[in-house]
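The values are calculated or read from the model by the stated rules, or taken from the named source; none is laboratory data. None of these values were measured; they are calculated from a predicted model. Please note: Cβ atoms are built from the backbone with ideal geometry, for glycine as well, and neighbour counts cover all protein chains shown. Just the protein is used for accessible areas: all its heavy atoms, side chains included, with ligands, DNA and RNA removed. Shrake-Rupley method; radii C 1.70, N 1.55, O 1.52, S 1.80 Å.
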Amino acid sequence: MIAGLDGVAWPIPIWSRRLQYKKSRPDMSDTVPFGFRRVELGAKQAMVDDVFNSVARRYDLMNDLMSGGLHRLWKSAMVSALNPPRRGPAWRLLDAAGGTGDIAFRVAERSEGHAEITVADISVPMLDVGRARAEKLGVAGITFCEANAEALPFEDGSFDAYTIAFGIRNVPRIEAALSEACRVLKHGGHFLCLEFSEVDTPMLDRVYEAYSFQVIPALGRTVAGDEESYRYLAESIRTFPNQERFADMIRTAGLERVRYRNFAGGIAALHSGWKL
Ligand SMILES: C[S@@+](CC[C@H](N)C(=O)[O-])C[C@H]1O[C@@H](n2cnc3c(N)ncnc32)[C@H](O)[C@@H]1O
C-alpha cells in the first residue's frame, strides 16, 4: 500500500510493482567481467588480487610453461619498441601492473642501468617475488611500489614512458587506468601496452581456444595447485576488448598516434601511443 496525498492508503498497482522491481535490480553498467562471469565493479579487484596472490610464487614458471617461452619474445619486442636511452638526461619509466618485474629487468639491461624504473603493482606477493629476483640478479635502480593502476600515487607528468604488460585486462576500471597513464606521462611520453588479444587467423583460433580452456587450467592445477585462477586467466582474455576497440579506448584517454601490432596471429598485441 502507498499513502496518497489525501492520506488515504492505495493498493500498489501491479505495473508499479514491476517498475519498482526493475529499479531495484542491479544496474549492469555497474558490473564488469571477471572471466566469463559478471561481478559488481567494486568486488572485482579483491577477486583479481586473490588470483595473483595465489599464483605469485609459481607465476614466472607458469608463464614459461603456458606460452612455451613466447612471452619472453613478446616482452623483448615491447622493450625494443620502447628503446630506452643508455645515456643522457634522466629517463623515468613506470611499469604498471609490473608484477615480478619481467619488463623492468629487460629495460634495466637494455638501458645499461641508465633508466630509473618504478614497478607498480597492487599485489604485494607479486612485488615480493620481483624484489627477491632483483636482489638475486644484482639489479639496482628498480623501485618496487604497491599501487593501484586506477589511482597512481605519482604527480602529473612524472614519467618519460609507461608500460603495462598483461596487466590491464585485470584492472576493473580500464578507462581509469588509461587516463592515469596519460596523466603521469610527460608531454612527449610513450605509452606501451602488451596484452592478449583477438586471434585473427582461421584454425589458429580453434587450436588456441582448446589450448586455453583445456591445457592451461590443467597446467595450473598440476604446477601451481590452482586450476580456478588459470581458468580465470584464460576467460579474461576472451572478454578483453579486441585490438581496434582497445586502440579506441587508448585514444579516448587522450593518447595520440595510437598503433598496434599483433604477435602470433593476434594471440598478443602491442599497442603504442604518445602523450603529445
Ligand atoms: C598477468 S600479471 C602481469 C605481470 C607482469 N607485467 C608480467 O608481464 O609478467 C598481472 C598483474 O596485474 C596486477 N594488477 C591487477 N590489478 C591491478 C591494479 N588495479 N593495479 C595494479 N596492478 C594490478 C596483478 O597483481 C598482477 O601482478
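Setting aside same-chain residues fewer than 8 positions from K186, which aspartates and glutamates have a Cα under 17 Å from its Cα?
In chain and number order, the partners are D95, E116, E155, D156, D160, E256.
Distance between Cα centroids, the stretch 231-257 to the stretch 35-104: provide it in whole Å.
Using only Cα atoms, the two centres lie 15 Å from each other.
Taking square-rooted eigenvalues a ≥ b ≥ c of the alpha carbon gyration tensor, is the stretch 62-192 rounded, prolate or oblate, where a/c under 1.5 means rounded and, failing that, a/b exceeding b/c means prolate?
It is rounded, given that a/c, with a ≥ b ≥ c, falls under 1.5.
Round to a whole number: what % of the accessible area of the chain belongs to carbon and sulfur, probe 1.4 Å?
Ligands and nucleic acids excluded, carbon and sulfur give 54 percent.
Sum -39500 (n - 2.57) across every DSSP H segment of at least 4 residues in the chain, then divide by the residue count to get the 222 nm mean residue ellipticity, nearest 500.
Details: 11 runs with 116 residues, N = 276.
Result for the chain, helices only: -12500 deg cm²/dmol.
Explain nothing, just compute: Karplus ³J(HN,Hα) = 6.51 cos²θ - 1.76 cosθ + 1.60, θ = phi - 60°, for every residue of the stretch 189-201 in order, whole Hz, x for Gly and Pro.
After applying 6.51 cos²θ - 1.76 cosθ + 1.60, I find x, 9, 10, 9, 10, 9, 8, 5, 8, 9, 6, 10, 10 Hz.
Quick one: grab the alpha carbon gyration tensor of the stretch 176-276, order the square roots of its eigenvalues as a ≥ b ≥ c, and give me rounded if a/c is under 1.5, else prolate or oblate depending on whether a/b is larger than b/c.
It comes out prolate by the Cα gyration axes.
With each pseudo-label sitting 7 Å past Cα toward Cβ, what's the V39-T252 distance in nm, one decimal?
Calculated label separation equals 2.3 nm.
Using the basic label-point model (7 angstrom from Cα toward the beta carbon), what is the L137 to A77 distance in nanometres?
2.0
Over the chain, with a Gaussian network built from C-alpha contacts below 10 Å, which listed residue (P217, P125, P202) shows the highest mean-square fluctuation?
Greatest mean-square fluctuation among the candidates belongs to P202.
Running a GNM on the chain with Cα contacts under 10 Å, which residue among A253, A151, A96 ends up with the highest mean-square fluctuation?
A151
Are there any trypsin sites (Lys or Arg not before Pro) in the stretch 80-141 that are in a DSSP loop and have at most 16 other Cβ atoms within 10 Å? List them by number.
In loop regions of the stretch 80-141 (DSSP not H, G, I, E or B), the sparsely surrounded trypsin sites (Lys or Arg not before Pro) are R86, R87.
Per residue, how large is the accessible surface of the chain? Use a 1.4 angstrom probe and give square angstrom.
51
Straight-line reach from K44: which aspartates and glutamates have Cα under 12 Å away, leaving out those fewer than 8 places along the same chain?
Straight-distance partners of K44: D30.
Label the chain by shape, choosing from rounded, prolate and oblate, from the square roots a ≥ b ≥ c of the eigenvalues of the Cα gyration tensor; if a/c is under 1.5 it is rounded, and otherwise prolate applies when a/b is larger than b/c, oblate when it is not.
prolate
Hey, if you put +1 on the Cβ of every Lys and Arg and -1 on every Asp and Glu Cβ in the stretch 91-180, which of G157, P125, A97 ends up farthest toward the positive end of that dipole?
Sorting the options by dipole projection puts first P125.
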